[in-house]
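Participant: Got a structure here, written out as structure tokens. Questions coming.
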Amino acid sequence: MNKWLVFLLFQIIFVWGAYGAPRIDIDTTRLIPIDNRTIIGKLGNGLTYYIRHNNWPENRACFYLVQKVGSLQEEENQRGLAHFLEHMCFNGTQHFKGNDVDRFSRSLGLSKGEMNAYTGFEETVYNIDDVPTSVGKEKLDSCLIVLYDWANALTLDSIEIEKERGVVHEEWRNGRDAISRIYERQLPILFPDSRYGSRLPIGLMDVVDNFNHQELRDYYEKWYTPSSQCVVVVGDVDVNYIEEKIKDLFGTIVSKTSTGVINKEKVEDHHGIIYSIDKDKELQDNSVFIMFKHRAYTPDDRKYVGYLRDNFKTNAAISMLNERYEDLALEDTCSYLSASASDDDYFMASTKAAFGLSASTKDGMQMKALTDMLVECRRAAFFGFNQDEYDRFQKEEISSYDNLLMKADKRTNVSLTSELYENYLHGYEMSSIEDYVSIMKEIVLTTSLLEINQRMKELLPDKNDNMVIGCWTIDKDSTCYPTQEELYLSLMTGRNAVITPYTNDMADAKLLSSVPPKGNIIKEEYCNALDYTKLTLSNGAKVLIKHTNIENSQVLFKAYGDGGWTMYGPEDDTNIMMVGRVTFGNNGLSVSQCNKLLAGKRVNLSHDITQRMFTFTGSANPNDLATLMEMIHADFTNISDDPKEYQKTIEELRLSIVNSKSDPESAFSDSVYVTTKGHHPRYKLLTEDALRAANLDRIHKIIEEQTSCPSNYTFIFVGNYDEKSIRPLVEQYLASLPLRKTVERGNYIKTWLQKDTYCHFKRKMDTPKSMVSMEWFTEELPFTLENRMKSCIISELLNRLYEKTIREENSSTYDCSADYYLIRGEKDDCQIGFSADCSMESEKCDSVLLMMKQGFADLPDNITQEMFISAKESMLKSCDELIRMKNGFWLDAIWQKEHRNIDLYTNRRKTIEAMTLDEVVSYLKKIQANSHFCETIMIGEQY
Ligand SMILES: [Zn+2]
């Protein structure tokens, strides 16, 4: 829609709103049009398919098998089989014996996760993502054969089943945190008459460890049947050919006679209040919530425009209420850190929905938070929202639809695929973006504030029936645990409180008090290799701009300037840690006022300080580039306080420091952090004591100094900006940045670990597991594109080796992953390293450690030519996707080129293609011969 027209329509709404004139009615009984670019069909045996041509990423295709079968189909003695079966799809099928399906996936150049699956309560979804269509017809056909085998021809071999038990058990251990334990205890209470209460897909380990093989085969026979299966293919394919192939291949599957019947699992209404009260030692957050169960939309409802309109009204009410919660949370007397309203599935049930309020609270404040949340919600329901709140919401909505429209030609295969299978599973709309946006805009512009206020009233019932009150608390000595009676009292206090209308202070605010006097561009140069233009400005700043059409709605931004934290002494340690967390260019406005001012603008901007630089990063919709420039200008010229926001940041940090002490995973990741940083004083962990030493004035002084010399700065913009307007904007907002003081770059300090280092400790926990992190690193080799690519392929190969030995052969872990890094110092010094992380049952820790170390040491002898070639394919595939699809790649490449004088783009593909196995092996051996080692181990023990 034309910008003017939107503006005019807003005027009309405003005038009508003011004079109470009638609105235009929208026909809610109209069907939402289905995008006719999608082919939908059903075979005689009941199997459904969706096929769609799409070319983003270019020359790729996705192949999915979607099943309306999940853990809800399990009987009590089968809990975990649906998920176990999903694992078995990767352990032998008719056409792909043993782990051949993995080998096939690698031959397509796919990386970890691109061929995968997940199991939910109601569905199991198998994906093969973004297969390069250049692999040829035979391999593309084979992708359909993989789906066919999963649907109908699993081997379910006894030896493979036995091997997989350990892997699934370790997956359970990995996911076994405070929340999963609370779910296990509370779901039966929250779902008293429904299987949702007792069918978490991971299942029971007693079943996983002991089920009879035949039971799994029977489950497969009973539930994997064409009438509940759907094949989805999206990508750069010949759709007619694929349709014929699907008919030929899947048409041969015969519907079984003993097929199970899949019924939607019901969730009944209930009388009175259900209470869910729980505590756990490892929880990191005290929470309280209140919910009101109500009817859920059915797939049939979702066919009509009325559904979208209904949904819009709810979203508007919730979003405006949430904005109020956010403002209130800034007051230091507020009982919650954050609170929010939502209207969604009742927990994991698709057949029941709920409107809910939930809060993360300060210690011992749950009862008060329950009351406060409810009072705020009642205020909105009773008095309604104000016109300026709704105007802002409408602006945001319209801007989000415009943004969506700009991206319409570049919908990714994966997002289109998920839209199609969500339609199969739940009936969600699958219209074209153009149709969807036009309907939604019509809805936004024809729905009055009165209707939204009416919806807010409907959302908050005043009866106890169908109500759920929950309170989940960190189990520690000093805390109080509210009882049912106390929570009921909080509810009644909230219900009976006297309420007054909402007031807010939106003064006539601006980001910049006046438009700054323009500077000039004094020089333009062109960089051929990476195709960008370098502008030198009259104040000495440099601006690098690269226009791309990668994403129509995106301009990415980064800036860096000399300075950095080495300019400051140890007395500023905490202030330096806080620099990246405070806001500053607000022109005296509060952060909340700024956010309201920016309603409808799609911009973001953040900053940080590094050893010798101050940096900014951000992004904008091309239409909002001027706003981004204004924000940058304000950050350089307008340093001001928002003490409330700062106090809230400090309080949130303090609580997260205190509460993370209860979490074993945080203890481990903190230890890895300080160990790998060699306990350097600038890489300390924040403590409560340190926080008390932080000083907002001093932090702002530091920022003021860091931003006082524009000639220190280089600004980079990459994306679909308007060629005509970017230079005037640069002159207006960047060339005009004033010089306040010259700043020298801070001194260079080497903070890398330079010797062998170990950190081993024990930790008591509820479900013990041990966690390991290793690093091998050297400073003997230079930072070059070749070394970066060689390191990348080595980490890919190490990943594959770990998966084969530690997961597949020894069933010792769910995941052991490897990675690589190259960091560069200031004098061309460089550290190259590899890392590996794993978690496992404590008894297996020693053997896994040995396999990890041995795996790295023996890697040079264990890389076969086949592994090498397929790893290379996968690198080439992601190289192409990066270059063609990611503005972020270009932002980084330009930065590396300007700042480090290294070109990571021009020869990237050639370098990967030219790598030989011998070269990579000798590179790896050189690293191994000169490397240091760092190891962090946490041994988990039972409380
Ligand atoms: Zn799994």
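Participant: Here are the criteria: (1) of a type in the set (A, V, I, L, M, F, W, C); (2) more than 27 Å from the chain's Cα centre (by Cα); (3) open to solvent by less than 60 Å² (accessible area, probe 1.4 Å); (4) over 30 Å from Asp280 (Cβ atoms). Tell me which single one Leu798 does not satisfy.
Facilitator: So Leu798 meets the others, but not (2).
Participant: Same structure again: Identify all residues within segment 377-420 that are open to solvent by 50 Å² or more (accessible area, probe 1.4 Å) and among the aromatic types (Phe, Trp, Tyr); write none if there are none.
Facilitator: Residues satisfying the conditions are Phe382, Phe383.
Participant: Name the pairs whose Cβ atoms lie under 9 Å apart, with the first residue in segment 619-644 and touching a residue at least 12 places away in the same chain (Cβ under 8 Å), the second acidic (Asp, Glu) and buried (at least 18 other Cβ atoms within 10 Å of the Cβ), and 6 or more positions between them or separate chains?
Facilitator: Note: pairs meeting the criteria are Asn621/Asp402; Asn623/Asp402.
Participant: Checking Thr48 against (1) open to solvent by 40 Å² or more (accessible area, probe 1.4 Å); (2) among the polar types (S, T, N, Q); (3) away from the ligand (no atom under 15 Å from the Cβ), which single condition isn't satisfied?
Facilitator: (1)
Participant: Among the candidates Glu779, Glu775, Glu843, Glu809, which residue alone is open to solvent by 60 Å² or more (accessible area, probe 1.4 Å) and in contact with a Phe, Trp or Tyr (Cβ under 9 Å, 6 or more places away or on another chain)?
Facilitator: Values: Glu775 fails: open to solvent by 60 Å² or more (accessible area, probe 1.4 Å); Glu843 fails: in contact with a Phe, Trp or Tyr (Cβ under 9 Å, 6 or more places away or on another chain); Glu809 fails: in contact with a Phe, Trp or Tyr (Cβ under 9 Å, 6 or more places away or on another chain).
It is Glu779.
Participant: Would you please list the contacts, defined by Cβ atoms under 6 Å and residues six or more apart or on different chains, that run from a residue in segment 72-90 that is closer than 12 Å to Glu215 by Cα and touching a residue at least 40 places away in the same chain (Cβ under 8 Å) to a residue that is of a type in the set (S, T, N, Q) and within 11 Å of the ligand (Cβ to nearest atom)?
Facilitator: These pairs meet every condition: Ala82/Thr119.
Participant: Moving on to the next point. On the given criteria, is Gly166 out of contact with any Leu (no Cβ under 6 Å at 6 or more places or on another chain) and either farther than 27 Å from Glu419 by Cβ or within 16 Å of the ligand (Cβ to nearest atom) (or both)?
Facilitator: Against the criterion (out of contact with any Leu (no Cβ under 6 Å at 6 or more places or on another chain) and either farther than 27 Å from Glu419 by Cβ or within 16 Å of the ligand (Cβ to nearest atom) (or both)), Gly166 qualifies.
Participant: Within segment 310-350, can you find the residues that are assigned to a strand (DSSP E or B) and over 24 Å from Ile452 (Cβ atoms)?
Facilitator: Tyr336, Leu337, Ala349, Ser350
Participant: If you go through segment 528-569, how many residues are aliphatic (A, V, I, L, M) and over 30 Å from Lys750 (Cα atoms)?
Facilitator: Counting residues in segment 528-569 that are aliphatic (A, V, I, L, M) and over 30 Å from Lys750 (Cα atoms) gives 8.
Participant: Looking at this structure, is Glu803 of a type in the set (D, E, K, R) and over 28 Å from the mean Cα position of the chain (by Cα)? Outline the logic, then answer.
Facilitator: Values: of a type in the set (D, E, K, R): yes; over 28 Å from the mean Cα position of the chain (by Cα): no.
Considered against the rule, which asks whether it is of a type in the set (D, E, K, R) and over 28 Å from the mean Cα position of the chain (by Cα), Glu803 comes out as no.
Participant: So which of Lys112, Lys97, Lys139 is of a type in the set (D, E, K, R), open to solvent by 10 Å² or more (accessible area, probe 1.4 Å) and within 15 Å of the ligand (Cβ to nearest atom)?
Facilitator: Among Lys112, Lys97, Lys139, only Lys112 is of a type in the set (D, E, K, R), open to solvent by 10 Å² or more (accessible area, probe 1.4 Å) and within 15 Å of the ligand (Cβ to nearest atom).
Participant: Here is a further query. Applying the selection to segment 140-161, what residues are assigned to a helix (DSSP H, G or I), charged (D, E, K, R) and over 9 Å from Thr93 (Cβ atoms)?
Facilitator: Passing the criteria: Asp141, Glu160.
Participant: Okay, next question. Is there a residue in segment 585-602 that is modelled with pLDDT of 90 or more, touching an Asp or Glu at 6+ places or on another chain (Cβ under 8 Å), open to solvent by 30 Å² or more (accessible area, probe 1.4 Å) and assigned by TED's automatic domain parsing to the domain that holds Asn695?
Facilitator: yes
Participant: Taking segment 815-829, which residues are within 16 Å of the ligand (Cβ to nearest atom) and buried (at least 20 other Cβ atoms within 10 Å of the Cβ)? Break it down into steps so the answer makes sense when it comes.
Facilitator: So in segment 815-829, the residues within 16 Å of the ligand (Cβ to nearest atom) come out as 815-817.
Within segment 815-829, just Cys816 meets the criteria.
Participant: Is it the case that Asp670 is within 30 Å of Ser770 (Cβ to Cβ), acidic (Asp, Glu) and surrounded by fewer than 19 Cβ atoms within 10 Å (Cβ to Cβ)?
Facilitator: For Asp670, the condition - within 30 Å of Ser770 (Cβ to Cβ), acidic (Asp, Glu) and surrounded by fewer than 19 Cβ atoms within 10 Å (Cβ to Cβ) - is met.
Participant: Would you pick out the residues in segment 162-198 that are part of a loop (DSSP other than H, G, I, E, B) and either open to solvent by 10 Å² or more (accessible area, probe 1.4 Å) or within 25 Å of Met840 (Cβ to Cβ) (or both)? So that I can check it myself, show each step before the final result.
Facilitator: Applying the first criterion (part of a loop (DSSP other than H, G, I, E, B)) to segment 162-198 yields 175-177, 191-194.
Listed by number, the residues that qualify are Gly175, Arg176, Asp177, Pro192, Asp193, Ser194.
Participant: Right, Pro22: outside any helix (DSSP H, G or I), under 30 Å from Ser399 (Cα atoms) and at pLDDT 95 or above or not?
Facilitator: no
Participant: Quick one: is Arg176 basic (Lys, Arg), assigned by TED's automatic domain parsing to the domain that holds Gln78, within 20 Å of Val69 (Cβ to Cβ) and within 16 Å of the ligand (Cβ to nearest atom)?
Facilitator: Judged against the criteria, Arg176 is not a match.
Participant: Any residue in segment 789-816 that's in contact (Cβ under 8 Å) with a residue 12 or more places away in the chain and over 17 Å from Asp861 (Cα atoms): show its pairings with residues that are of a type outside the set (Val, Ile, Thr) and assigned to a loop (DSSP other than H, G, I, E, B) at Cβ separation under 6 Å, as long as the two are six or more apart or on different chains.
Facilitator: Ile806/Ser812
Participant: Output the residues belonging to segment 232-271 that are β-branched (Val, Ile, Thr) and more than 35 Å from the chain's Cα centre (by Cα). Spell out how you get there, then give the answer.
Facilitator: Step one: filter segment 232-271 for residues β-branched (Val, Ile, Thr), giving 232-234, 237, 239, 242, 246, 252-254, 257, 259, 261-262, 267.
Within segment 232-271, Thr252, Ile253, Val254, Thr257, Thr259, Val261 qualify.
Participant: Moving on to the next point. Only one of these is within 20 Å of Met291 (Cβ to Cβ) and either of a type in the set (S, T, N, Q) or within 14 Å of the ligand (Cβ to nearest atom) (or both): Leu187, Leu200. Name it.
Facilitator: Leu200
Participant: Related question: Assuming Ser107 fulfils every condition listed in (1) surrounded by 20 or more Cβ atoms within 10 Å (Cβ to Cβ); (2) more than 16 Å from the ligand (Cβ to nearest atom) apart from one, which condition is it?
Facilitator: Unmet condition: (1).
Participant: Can you pull out the residues in segment 115-131 that are within 18 Å of Leu72 (Cβ to Cβ) and more than 16 Å from the ligand (Cβ to nearest atom)?
Facilitator: Glu122
Okay, residues lined up against (1) at pLDDT 95 or above; (2) under 27 Å from Ile398 (Cβ atoms):
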| residue | (1), (2) |
| --- | --- |
| Tyr307 | yes, yes |
| Asn315 | yes, yes |
| Tyr325 | yes, yes |
| Asp332 | no, no |
| Ser342 | yes, yes |
| Ala349 | yes, no |
| Lys362 | no, no |
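Participant: Let me ask you something else. Can you tell me how many residues within segment 512-554 are aliphatic (A, V, I, L, M) and either over 29 Å from Asn595 (Cα atoms) or surrounded by fewer than 18 Cβ atoms within 10 Å (Cβ to Cβ) (or both)?
Facilitator: Total satisfying the criteria: 8.
Participant: When Leu43 is evaluated against the numbered criteria (1) touching a residue at least 24 places away in the same chain (Cβ under 8 Å); (2) open to solvent by 20 Å² or more (accessible area, probe 1.4 Å); (3) within 28 Å of Met875 (Cα to Cα), which criterion, by number, is the only one it fails?
Facilitator: For Leu43, the exception is condition (3).
Participant: Another question, then. Could you identify the single residue in Lys790, Lys762 that is in a strand (DSSP E or B) and not assigned by TED's automatic domain parsing to the domain that holds Ala620?
Facilitator: Matching residue, one of Lys790, Lys762: Lys762.
Participant: Tell me the residue from Ile883, Ile902 that is part of a helix (DSSP H, G or I), among the aliphatic types (A, V, I, L, M) and open to solvent by less than 50 Å² (accessible area, probe 1.4 Å), please.
Facilitator: After applying the criteria, what remains is Ile883.
Participant: Okay, next question. State all residues of segment 253-297 that are open to solvent by less than 20 Å² (accessible area, probe 1.4 Å) and assigned to a loop (DSSP other than H, G, I, E, B); if no residue qualifies, say none.
Facilitator: Correct list: Ile253, Gly260, Val267, Glu282, Leu283, Ala296.
The values are calculated or read from the model by the stated rules, or taken from the named source; none is laboratory data. Just so we're clear, the structure is a prediction, and the values are computed from it rather than from any experiment. Here the Cβ is made from the backbone with ideal geometry for all residues, glycine too, and neighbour counts use every protein chain on show. Protein only, heavy atoms only, side chains kept; ligands, DNA and RNA dropped before computing areas. Shrake-Rupley method; radii C 1.70, N 1.55, O 1.52, S 1.80 Å.
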